[in-house]
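The values are calculated or read from the model by the stated rules, or taken from the named source; none is laboratory data. Not measured: the values here are computed from a predicted model. Heads up, the Cβs are rebuilt from the backbone with ideal geometry, glycines too, and the neighbour counts pull from every protein chain shown.
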Amino acid sequence: MSATAKPATLGGNLVTSVVGSHAHPSWLVVGVAAAGRGELGPVDIREMQDDAVDTALRDQEDAGVDVVSDGEMRRAGFFTAEFYRHLTGLRPLAPERRVGAPGHDQQHRFEVLEPITAPEGLGVVDEFRYARTRTERPLKVTIPGPFTLAGRLAAGGVYRDRVAATEAFIPILAAEIGALVADGATFIQIDEPSPAIHPDAPADFAGLFNAVIEGVPAEVRLAAHLCFGNYVGRPLAKRTYGPVLDQLRGFQVAELVLEFANRELAELDLLEALTDRFDVAVGIVDVKNSYVETAADVAARIERVLEHVPAERLSLVPDCGFSQTARGVARAKLHALVAGRDLVRGAGPG
């Protein structure tokens, strides 16, 4: 397990970061739609995406966030053709439901025609190369895990079930992470569903995850974001870590990224069973609520977390990514995150 120090120590305590995605500015939404209609060329799209990354980094830096990401701005949505367009052997399928309230069953799916490959990788290395030239702050790279990516593939045929498809993604992701490390990435977060979302899946979630990161050098900081789901702000299952605590302890990473703000800080006591071997990045602002926390709100939550987690083991993050949050709300929540941390550290609200 990588046990590297936090990328920004600030005395070792209460580093602020993000989970990954940033809110899309309105012009990016318009541009992505235009690109989908074939109205933009490759150079236009690259320029738009570069500008979007710059915007995400500026919003984070303006708020004072310590460890930043590129906002995943080249990914129009977490489950998009951005990853799957790099794969061979797939055919797009129509969503299972097209009208009515937005939900997970309206996302795209793929039929598998032959064993999948990614001859030129998944594109994350190029994302990292650009972002590291645009900020001087510690940069976290985020990448979906194998069970996540397998979720959009129709079962049966080439891969009998989701676990078999997950296994097919392991060498693809291992190669991508190896390339990131070779290119200089020092902090990589892999995003997977919380095992609580799939209680009946015949899967060794930690084992599948660990196979992806086998051989990553110890000096590279690894994190596992175990998500309850956030498409259109909706979770996917019961939001509890208690029944899967033993599984969480099996992930071979330095840090677990877990959500608590939208659950009214339920189960904080369970963190005591994790911090003997993990740092924890605790969700302290709620991305699924348009209420903007005050600095005092955030500070009060941090104080409660500190009753269960040593400060040197704790990082502070939103519950999840901001891709489903209005940009103005996301920016305000980032400012509140940092201001609340500063109140706890005695640095004042600014």
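Observations on the model:
- Selection within region 243-270 - touching a Phe, Trp or Tyr at 6+ places or on another chain (Cβ under 9 Å) and part of a helix (DSSP H, G or I): VAL244, GLN247, LEU248, ASN262, ARG263, LEU268, LEU270
- Here VAL285 fits the description: modelled with pLDDT of 95 or more, in contact with a Leu (Cβ under 7 Å, 6 or more places away or on another chain) and more than 28 Å from ILE177 (Cα to Cα).
- Any chance VAL99 is touching a residue at least 24 places away in the same chain (Cβ under 8 Å), surrounded by fewer than 22 Cβ atoms within 10 Å (Cβ to Cβ) and either over 30 Å from ALA336 (Cβ atoms) or touching a Leu at 6+ places or on another chain (Cβ under 7 Å) (or both): no
- Taken over region 292-347, the criterion of being surrounded by fewer than 19 Cβ atoms within 10 Å (Cβ to Cβ), under 18 Å from the mean Cα position of the chain (by Cα) and of a type outside the set (Gly, Ala, Ser) is satisfied by ARG327 alone.
- Residue within region 143-150 that is surrounded by fewer than 16 Cβ atoms within 10 Å (Cβ to Cβ) and either in a helix (DSSP H, G or I) or on the phi < 0 side of the Ramachandran plot (or both) present: no
- Taken together, the criteria place ARG152 among residues that are of a type in the set (Lys, Arg), modelled with pLDDT under 95 and under 23 Å from HIS86 (Cβ atoms).
- For the criterion of being touching a strand residue (DSSP E or B) at 6+ places or on another chain (Cβ under 7 Å), crowded, with 19+ Cβ neighbours inside 10 Å, among the small types (Gly, Ala, Ser) and farther than 15 Å from VAL212 by Cβ, ALA154 fails.
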